[in-house]
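First up is the structure itself, then whatever we jot down about it.
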Ligand code: HEC
């Protein structure tokens, strides 16, 4: 009796091993075929995706090229949303043209639309001088008052954005120049650079000059003018000298006001 039971047990174990082995094989084959089937010859295609909703939002996402992904079912999906199948034949063509219009709007593919030509971002005022019209910049006056606080702020921004090229005193020997990583800029307190007006300095910050790139995207308008004030002290002006200059009293742009920086004279 004992012997038989043991034999039975042995056979059971054996049988379990076999089923386990077969199950594993099936599982491996299944996984292999899934991974093979999810490959496609198109290198840009993500292949078969498990739960695509997890990766691709059903809503429209900014900067996404929506129709690269689902142009094929665009009409079908949108007509479905409008209840096309149940709609009476007489209005079907209206629904079709509605979806066609939607498709035309986004036809370029990108969800985010380009701003209309000439749009001005809220709170931003374009520099009234166009690139290249540097001579006109000479007439642009300082739009904010010359104060000690402005200069302190201007100095700290200068130390962030300019000092590594122009040096602590604006002598043109910043750390990058000392390491010979960049061409030496002119000293602020010398020659024609000493004579640069606030508008011209602002112009240079805005558009850059020669090897110096534009800093417009990194520094907002008010901070640019504060840097200009500080650069003017590095040209050799005192706060009193600067205060005696004519200041343009047009307030700087904020989200509610828009004005011109150009002074009239
Ligand atoms: C990467 C180095 C670099 C940085 C950063 C840099 N500059 Fe310059 N800057 C130069 C060089 C080089 C010139 C000389 C350009 C030329 O004359 O071709 C120059 C020229 C100038 C001039 C003289 C322009 C003229 O019309 O003669 C001014 C003013 C000036 N920079 C201000 C600034 C201010 C303010 C900042 C910081 C907001 C700044 N620069 C940041 C390299 C730099």
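The values are calculated or read from the model by the stated rules, or taken from the named source; none is laboratory data. What you are looking at is a predicted structure, and each value in this text was computed from that prediction instead of being measured. So basically every Cβ, Gly included, is an ideal-geometry build from the backbone, and we count neighbours across all protein chains shown.
Considering (1) within 15 Å of residue 225 (Cα to Cα); (2) within 12 Å of the ligand (Cβ to nearest atom); (3) in contact with a helix residue (DSSP H, G or I) (Cβ under 8 Å, 6 or more places away or on another chain), the lone condition that residue 125 does not fulfil carries the number (2).
Quick one: which residue in 199, 236 is more than 10 Å from the ligand (Cβ to nearest atom), surrounded by 15 or more Cβ atoms within 10 Å (Cβ to Cβ) and at pLDDT 95 or above? Full working, then the answer.
On the way: 236 fails: surrounded by 15 or more Cβ atoms within 10 Å (Cβ to Cβ).
Going through 199, 236 in turn, just one is more than 10 Å from the ligand (Cβ to nearest atom), surrounded by 15 or more Cβ atoms within 10 Å (Cβ to Cβ) and at pLDDT 95 or above: 199.
Can you give me the number of residues within the range 138-153 that are in contact (Cβ under 8 Å) with a residue 60 or more places away in the chain and either exposed (fewer than 13 other Cβ atoms within 10 Å of the Cβ) or near the ligand (Cβ under 9 Å from one of its atoms) (or both)? Here the count works out to 2.
Taking residue 207 as the residue in question, decide whether it is farther than 24 Å from residue 245 by Cα, crowded, with 17+ Cβ neighbours inside 10 Å and either near the ligand (Cβ under 8 Å from one of its atoms) or under 24 Å from the mean Cα position of the chain (by Cα) (or both). Break it down stepwise before answering.
Details: farther than 24 Å from residue 245 by Cα: yes; crowded, with 17+ Cβ neighbours inside 10 Å: yes; either near the ligand (Cβ under 8 Å from one of its atoms) or under 24 Å from the mean Cα position of the chain (by Cα) (or both): yes.
Judged against the criteria, residue 207 is a match.
Condition first: more than 10 Å from the ligand (Cβ to nearest atom) and crowded, with 19+ Cβ neighbours inside 10 Å. Now tell me which residues in the range 187-196 satisfy that. Once the filter is applied, which keeps residues that are more than 10 Å from the ligand (Cβ to nearest atom) and crowded, with 19+ Cβ neighbours inside 10 Å, the range 187-196 yields nothing. Filtered by the rule that a residue be under 18 Å from residue 171 (Cβ atoms) and in contact with a strand residue (DSSP E or B) (Cβ under 8 Å, 6 or more places away or on another chain), the range 198-240 gives a lone residue, 204.
Checking each residue of the range 170-186 against the condition of being away from the ligand (no atom under 12 Å from the Cβ) and crowded, with 16+ Cβ neighbours inside 10 Å gives at least one match.
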